[in-house]
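Just below is one structure, and these are the notes that go with it.
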Ligand SMILES: N[C@@H](CCC(=O)N[C@@H](CS)C(=O)NCC(=O)O)C(=O)O
């Protein structure tokens, strides 16, 4: 498998999951401004949407969208137990958290990365983030992981999204349980390896 990524982006969640899964894979970085991969390919021929992540499977098929890629990786490595059995109630609970992270958290960080997003969009996104992060903080008050009793792909995704707070100066200080979560997940070897490989350490 080959994961196309930009260091520190949402694709890092898939990178962490691949490390947890101990699957054989390679990575290639994408310049999102020029849509060129590090080896000079036109990234739009791989993902016509032009965004990361994209995962090229061993049969050559290309999978896109972070949530699908995360669940695919979890499914490829059942022994890593990064997702409950597909079809179980716990599986849909995990899916609910993944959709929340991608639509309510990830997408509300987006305007802070776009220089031309404007004050209005940023103010709406900040208000949304405050409300959603407060709820996630409450959710994590009595637990170490987003879903269930062990590390799942939702933790890889939430960790990645929360790590942007430092980059875009959205302070996590009002939410101590989110801060504890980030510090806890950052200790995992998979996270350390992925961040090292992406040049973030
Ligand atoms: N719906 C996509 C969104 C992915 C996304 O937002 N990727 C960002 C990085 S975190 C990106 O590549 N942005 C560059 C662009 O949209 O051109 C998914 O969930 O995978």
Subject >> Most fluctuating residue given options 98, 129, 18, as computed from a GNM of the chain linking Cα atoms under 10 Å >> reply: 129
Original post:
Just 69, 16, 124 to compare: in a GNM of the chain, with alpha carbon springs under 10 Å, which one fluctuates most?
Top reply: 124
Original post:
Counting each DSSP H run of 4 or more residues in the chain as -39500 (n - 2.57), what helix-only mean residue ellipticity at 222 nm follows after dividing by all residues, to the nearest 500 deg cm²/dmol?
Top reply: -14500 deg cm²/dmol
**OP:** Could you line up 103, 29, 24 from fewest to most neighbouring Cβ atoms inside 10 Å?
**Re:** 24, 103, 29
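Provide Rg over Rh for the stretch 86-201; use the alpha carbon set for both Rg and the Kirkwood Rh (inverse mean inverse pair distance).
On the way: Rg = 14.5 Å, Rh = 15.0 Å.
Ratio of gyration radius to Kirkwood radius: 0.97.
Read-outs throughout are calculated quantities, based only on the coordinates presented, and are distinct from any laboratory measurement. Source: prediction; values computed, not measured. Glycine also receives a Cβ, built like all others from the backbone with ideal geometry; neighbour counts cover every protein chain displayed.
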